[in-house]
1. Taking the stated definitions as given, is B:Leu276 aliphatic (A, V, I, L, M), in contact with a strand residue (DSSP E or B) (Cβ under 7 Å, 6 or more places away or on another chain), within 22 Å of B:Val325 (Cα to Cα) and at pLDDT 95 or above?
2. For B:Ala181, state whether it is under 20 Å from the mean Cα position of the chain (by Cα), away from chain A (no Cβ under 14 Å) and closer than 29 Å to A:Gly282 by Cβ.
3. Keeping to the range A:259-281, report how many residues are open to solvent by 10 Å² or more (accessible area, probe 1.4 Å), touching a Lys or Arg at 6+ places or on another chain (Cβ under 7 Å) and not hydrophobic (A, V, I, L, M, F, W, C).
4. So B:Gly128 ticks every box in (1) among the small types (Gly, Ala, Ser); (2) open to solvent by 20 Å² or more (accessible area, probe 1.4 Å); (3) within 14 Å of chain A (Cβ to nearest Cβ) but one. Which box is left unticked?
5. Find all pairs meeting these conditions: Cβ atoms under 7 angstrom apart; at least six residues apart or on different chains; first residue within the range A:195-223 and more than 9 Å from chain B (Cβ to nearest Cβ) and charged (D, E, K, R); second residue in a helix (DSSP H, G or I) and open to solvent by less than 10 Å² (accessible area, probe 1.4 Å).
6. Residue by residue through the range A:230-248, note down the ones that are at the interface with another protein chain (Cβ under 9 Å from one of its Cβ atoms) and in contact with a helix residue (DSSP H, G or I) (Cβ under 6 Å, 6 or more places away or on another chain).
7. What is the residue count in the range A:226-247 for residues that are in contact with a Phe, Trp or Tyr (Cβ under 7 Å, 6 or more places away or on another chain) and hydrophobic (A, V, I, L, M, F, W, C)?
8. Given the conditions (1) within 22 Å of B:Val71 (Cβ to Cβ); (2) outside any loop (DSSP other than H, G, I, E, B); (3) within 14 Å of chain A (Cβ to nearest Cβ); (4) not polar (S, T, N, Q), and given that B:Phe266 satisfies all but one, which numbered condition is not satisfied?
There are 2 protein chains.
Amino acid sequence: MPVSLASATRRGFLIGFAAINAVAVWSAAAFARTGPLPSWNDGVTKTSIIDFVGRVTSPGGVDFVPPAERVAVFDNDGTLWCEQPIYFQAAFGLDSVRAMAPQHPEWKQQQPFKAFLSGNKDALAAQGEKGLLTLIAASHSGVTTDAYAASVADWLTRAQHPRFHRPYNELVYQPMVELLASLRANGFKTFIVSGGGVEFMRVWAEKAYGIPPEQVVGSSGVTQFKIDADGKPVLMKLPKVEFIADGPGKPSGINRFIGRRPILAFGNSDGDHQMLQWTAAGPGARFVGIVHHTDAAREYSYDRESKIGKLDKAWDEAMQLGWTVVDMTKDWTTMFASERGTAEASQ
Amino acid sequence: MPVSLASATRRGFLIGFAAINAVAVWSAAAFARTGPLPSWNDGVTKTSIIDFVGRVTSPGGVDFVPPAERVAVFDNDGTLWCEQPIYFQAAFGLDSVRAMAPQHPEWKQQQPFKAFLSGNKDALAAQGEKGLLTLIAASHSGVTTDAYAASVADWLTRAQHPRFHRPYNELVYQPMVELLASLRANGFKTFIVSGGGVEFMRVWAEKAYGIPPEQVVGSSGVTQFKIDADGKPVLMKLPKVEFIADGPGKPSGINRFIGRRPILAFGNSDGDHQMLQWTAAGPGARFVGIVHHTDAAREYSYDRESKIGKLDKAWDEAMQLGWTVVDMTKDWTTMFASERGTAEASQ
């Protein structure tokens, strides 16, 4: 009797569980169609995001966080938009340096210009983020901040990605655009914290992601204030790197620019490791996410061995500490915002 | 006939004008009682502010500015709070250095420590903003950013201004607190852009002014990310100045941190001159204001000859270009927020 009672109870539990599951699946399907993350497949990853947002926004709950403290930070290259086969800012630098090369014969023997001008992608990648930024800073010295922004905007209208044959700023990840919008709808303030140049990103980030210029943290070159020949104040870009917002520079950049510890952070590489650690170490509920590039068919597949966006130590720590790792193949129904038409990122 | 017609017209015009004026005066008086700037006396200064805000927020008007571009920047020392007889951050540094001095005998012979420890205010002022920041950075090396913020908060509960015998963070100008709140109510985003230390200001700025940490731009020291003995990530403050947001550093700081040119800027000294020029030089409607310290009875009176908050070149340019110069004696009914009770800065 105890056995059959136990069996009956267990069957009843299983029947009930199945019924609950059916409701859950139905709800999730309905949510997927009408909810805030339509390009995310149902599963552990999506559930972990929705659960976290629900907890920190429930007044009276143990994990409630006041809106002013709902700071969310996102790496850009490889996290919000594609970063292969080379960082898009490097593509811009390459095009700019090519255009300027006739006036600079000395560049043929000088790195990182030599790597750029010879079209050697491996040599270019070997220069790393700092080499890239040195090049960008140098190739744009002597221009005003306004002229630089105009040249980025102009390039975006002309340049195309070598594989996808679309403007680079259309290669933003639709699921991440939806996540940003959903967080903002839940009272979060969304920031970019990227090793990329802050002035490069600000030109297109607001339209692509709904993130205004003052919420973009990035690497920067020194600027110099001067009054030009027409008596107009301008800021000249000097060929000198001022700050690199990569690796340990990310928590330093968060401290300097934002001044609050994030409660949610997303990255995709070891360059984001310290930002993820810094976010995870705060008190209260935290969400730490990593975008894992697993989808060679729709995008690229790379991690521990990649020269760009290497994901090794941060991945180990994610698995050890239970951070959320997004599998692009399994978790995302759509890759690029441009597949769904224009990215309608709202403020 | 033409003469008397002209006279009649002129009289009619004058009568009409007087009537309009009466309405205007009545409205302004009502506005002063119930409006957003109750601590500002009626007059040219208050009118110029109200007029500007009205123009940039009127949809369809020629001067309309979309909310996202309504960036307003304010110097802090001498513009939002008192800066005499020494910068308040210097007072904090002095107290901190005094507390640490027994462990640093070498400071007795070393500037700017010598000036601090001997209590020589003139020698201290002669070290300028950079000397001050060098001292602050040095005197706080080896502490984490969290420990530093806690020490500032603790100091504010204990220290008192030598003349007003009140905590320093109660010596914020009530009229400016009202202006900040009024601008935010009109869709502006308000920022501090100060030569003061960004980590010093963020501790109390949100409560005093309603300006959140991520909208405080200031000077900074280098921070270093490390994992401490307990395995916890921390940011250590190093004795190295990283960025001085004073003079030409202000437009550079605006470019780096905010990424949009302000449409309204307020300062009080030549250290704000380039920020005011940068703001004024943008297209469309602009408001440039200077707080002129004229009130020795209620606060301090100083300008061209002052070692702290020297106002000379910026004042000349203000008069030449018609920028708004606030006369604290004439324009402000109330000086400090603490005279009206707690500063109820919202948002």
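The values are calculated or read from the model by the stated rules, or taken from the named source; none is laboratory data. Here the structure is a predicted model, which means the values were calculated and not measured. Cβ sites come from the backbone with ideal geometry, for glycine too, and all protein chains shown count toward neighbours. Ligands, DNA and RNA are stripped out before the accessible areas are found, and what is left, the full protein with its side chains, is counted by its heavy atoms. Shrake-Rupley method; radii C 1.70, N 1.55, O 1.52, S 1.80 Å.
1. Judged against the criteria, B:Leu276 is a match.
2. So B:Ala181 does not fit the description; no.
3. 5
4. (3)
5. Taking only residues 6 or more apart or on different chains, not a single pair turns up.
6. Answer for the range A:230-248, where residues must be at the interface with another protein chain (Cβ under 9 Å from one of its Cβ atoms) and in contact with a helix residue (DSSP H, G or I) (Cβ under 6 Å, 6 or more places away or on another chain): A:Pro233, A:Leu235, A:Gly247, A:Pro248.
7. Qualifying residue count for the region: 1.
8. Of everything listed in (1) within 22 Å of B:Val71 (Cβ to Cβ); (2) outside any loop (DSSP other than H, G, I, E, B); (3) within 14 Å of chain A (Cβ to nearest Cβ); (4) not polar (S, T, N, Q), B:Phe266 misses just condition (3).
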